[in-house]
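Read the structure below first, then the notes.
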Amino acid sequence: RPYNFYAGPAVLPQEVLEQAQSEMNNYGATGLSLMEISHRSPIYDAIHNETQLLFKELLQLPDEYHVLFLPGGASLQFSMIPMNFLTPGKVANYILSGLWAEKAIEEACKVGDVYVSFSGKANNFTKMPSLQDIQVHTQMDAYLHITSNETVNGTQLHHFPVIQDVPLIADMSSDILSRPFDISKFAVIYAGAQKNLGPAGVTIVILREEALPQHTTSLPAMLDYRTYIKHNSLYNTPPVYPIYMVNLVLKWIKHSGGLNIMEKRNEEKARLIYDAIDQSGGFYKGLAHPASRSLMNITFKIWNDELEKRFIQEASTQQLVGLEGHRSVGHIRASVYNALPYKACQALAEFMKEFQKRYS
Ligand code: PLP
């Protein structure tokens, strides 16, 4: 298999793919594929509930948090968060840290009043806010929305604020389960599955029910978090197969040693590539400010556009695929999610050194 540096979807552990393959036609000796089995059956129920329990275990979730499975990608959460949390008379507070935060803000503006309490736009989104930059207004703010990892820009929040009296909500689509963190700081976290959790098709929302404000108007059922809580995410047919794949990935994380081990591995992997950048004497330049560098998406450039194209093309012939930067930023991006093995990063770092020797 080539080494997969794509930003998604989805980077999956080899063991998980093999297990899914072995169960594809005949799940649990039923003679049927899981895709053909009723989502109301005890067989599916066991997967659904076990997946929630695995999240609870890996994130050490207190009882008041619900693990919900939603359709619509993280992009639907950009609308559902304000629809459910932005009550009349209040204002939604957003941290504009990059392209994904910008999209979340665009959607929130369609629902109600929004203000941006920090913007990294003037710095081309190369820097995440410091903890001092993250401010709330207790009486006014409906919630504070942050993006823990900006997939396109290659920046990551390395510390989360402690906020009193205002619900803290985070888009963790591209770094969920890559490191341990204290969930009790958050009212809601959400993530499309297709980076660290499984294939596209299911979005995980972890939510503290008491943080939900009372609605004055009723929301469509599928846009109301209460529907998912009340029906344990089985109001309609859930994305059964993606949830099953997430289940396998969570077991893989658990058996690998949990989130502390994921974090350690991710630090070691990212270090190989950041070292190759920093020790290149300026041949490669990181796009993110060093203090904001992401352990998941490593963005960098080469001083010459033609060389950059050649780098990406030659890398792909050496089985290092998916290194193109996002279309809005260009340059080079190596996405190094949980499931990408250490030896993939070793191979990329070696390739970077060898490429530099040939072209400098
Ligand atoms: N938020 C972040 C941080 C992302 O990286 C992405 C997709 O890459 C999204 C949101 C949008 O996710 P989806 O495609 O699941 O709507």
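The values are calculated or read from the model by the stated rules, or taken from the named source; none is laboratory data. Computed from a predicted structure; not experimentally measured. Cβ placement follows ideal geometry from the backbone for every residue including glycine, while neighbour counts extend to all protein chains displayed.
For beta carbons closer than 6 Å, sequence separation of 6+ or different chains, a first residue in segment 215-237 that is under 18 Å from Ala142 (Cα atoms) and a second that is polar (S, T, N, Q), the qualifying pairs are Tyr225/Asn84. Considering the conditions (1) buried (at least 17 other Cβ atoms within 10 Å of the Cβ); (2) among the polar types (S, T, N, Q); (3) touching an Asp or Glu at 6+ places or on another chain (Cβ under 8 Å), Ser218 is excluded by exactly one of them, (1).
With the structure loaded, tell me whether Ala10 is surrounded by 13 or more Cβ atoms within 10 Å (Cβ to Cβ) and in contact with a Pro (Cβ under 8 Å, 6 or more places away or on another chain) or whether it fails that test.
Details: surrounded by 13 or more Cβ atoms within 10 Å (Cβ to Cβ): yes; in contact with a Pro (Cβ under 8 Å, 6 or more places away or on another chain): yes.
So Ala10 fits the description; yes.
A Cβ distance below 7 Å, combined with a sequence gap of six or more or placement on separate chains, defines the contacts here; from segment 1-21, residues that are within 15 Å of the ligand (Cβ to nearest atom) reach residues that are of a type in the set (Phe, Trp, Tyr) in the pairs Val11/Tyr337. Which members of segment 8-31 meet the condition of being of a type in the set (Gly, Ala, Ser) and either modelled with pLDDT of 95 or more or over 18 Å from Tyr337 (Cβ atoms) (or both)? Once the filter is applied, which keeps residues that are of a type in the set (Gly, Ala, Ser) and either modelled with pLDDT of 95 or more or over 18 Å from Tyr337 (Cβ atoms) (or both), segment 8-31 yields Ala20, Ser22, Gly28, Ala29, Gly31. Filtered by the rule that a residue be over 26 Å from the mean Cα position of the chain (by Cα) and closer than 30 Å to Ala347 by Cα, segment 1-55 gives a lone residue, Ser22. Restricting the search to segment 130-147, which residues are without any contact (Cβ under 8 Å) to a residue 40 or more places away in the chain and either within 16 Å of the ligand (Cβ to nearest atom) or aliphatic (A, V, I, L, M) (or both)? Of everything in segment 130-147, those that are without any contact (Cβ under 8 Å) to a residue 40 or more places away in the chain and either within 16 Å of the ligand (Cβ to nearest atom) or aliphatic (A, V, I, L, M) (or both) turn out to be Leu131, Ile134.
Listed by first and then second residue, the pairs linking a residue in segment 74-102 that is farther than 12 Å from Ile169 by Cβ and assigned by TED's automatic domain parsing to the domain that holds Ser294 to a residue that is surrounded by fewer than 23 Cβ atoms within 10 Å (Cβ to Cβ) and at pLDDT below 95, with Cβ atoms under 9 Å apart and 6 or more places separating them unless they lie on different chains, form an empty list.
For (1) modelled with pLDDT of 95 or more; (2) of a type in the set (Lys, Arg); (3) more than 11 Å from the ligand (Cβ to nearest atom); (4) in contact with a helix residue (DSSP H, G or I) (Cβ under 8 Å, 6 or more places away or on another chain), each residue gets a yes or a no:
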position	(1), (2), (3), (4)
Leu168	yes, no, yes, yes
Met172	yes, no, no, no
Asp175	yes, no, no, no
Pro180	yes, no, yes, yes
Ala191	yes, no, no, yes
Lys195	yes, yes, no, no
